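Each reported figure results from applying straightforward, stated rules to the coordinates on display, with no laboratory input. Predicted model only: the values in this text are computed from it and were never measured. Neighbour counts run over all protein chains shown; Cβ positions are idealised from the backbone, glycine included.
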Amino acid sequence: MDKYRNIYILLDICIFSMVTLDDKDIKILNVLKQNSRLPIRDIAKKAQLRPSTVHLRIQRLVKNGIVEQFTLKLNNEAVGEDFIVFMYVSTEEDLPKSFFNNSHVKEAFGVTGEYDLLFKLKFKDIAEFNDYIINMRKNKAITKTITNVVTANIKEVLN
């Protein structure tokens, strides 16, 4: 049974790599990037396509993994997350999954160079950030960090 499962997974990978986006897909994606809550008719009007075409193409984009999710952009100050930090982290071993599931961890990247990981973290204020740092230092896998505090949020987009 498992050997067949692996074949299907391999087929999915091949199908995904063959997906190409044409001009209509790009138009639809550009509208969705601006506001993914728009009704199909409004997306169609902005993309200058028929609603049925837009509907079918959005379904296909989701099915093929081009669109992973429809989401929203929050006002950091309004939701109490306007203290933003970027942190480089060096580790001796893999961090537990719970580290990445922390509500303060908004983005995490593996990076090249002296450090292993780069995190984007958001907090209510410096006190909340300090509590996080004190707790994080208890993790023996982390060998060193460099922290950059954001002083001005010039541009932040989701897409």
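On the beta carbon distance between residue 66 and residue 151, with R0 = 35 Å, the FRET formula returns roughly 0.50.
For the stretch 83-149, the relative contact order comes to 52 percent (Cα pairs under 8 Å, sequence separation of at least 6). Radius of gyration (Cα atoms) of the stretch 83-149, expressed as a multiple of 2.2 N^0.38 Å: 1.02. With the biggest extent put first, the Cα atoms of the chain measure 55, 48, 27 Å across the principal axes.
Counting only lysines at least 8 places from residue 144 when in the same chain, those with an alpha carbon closer than 18 Å to its own are 120. For the chain, calculate the relative contact order in percent as a whole number, restricting contacts to Cα pairs under 8 Å that are 6 or more residues apart. Relative contact order for the chain comes out at 21 percent.
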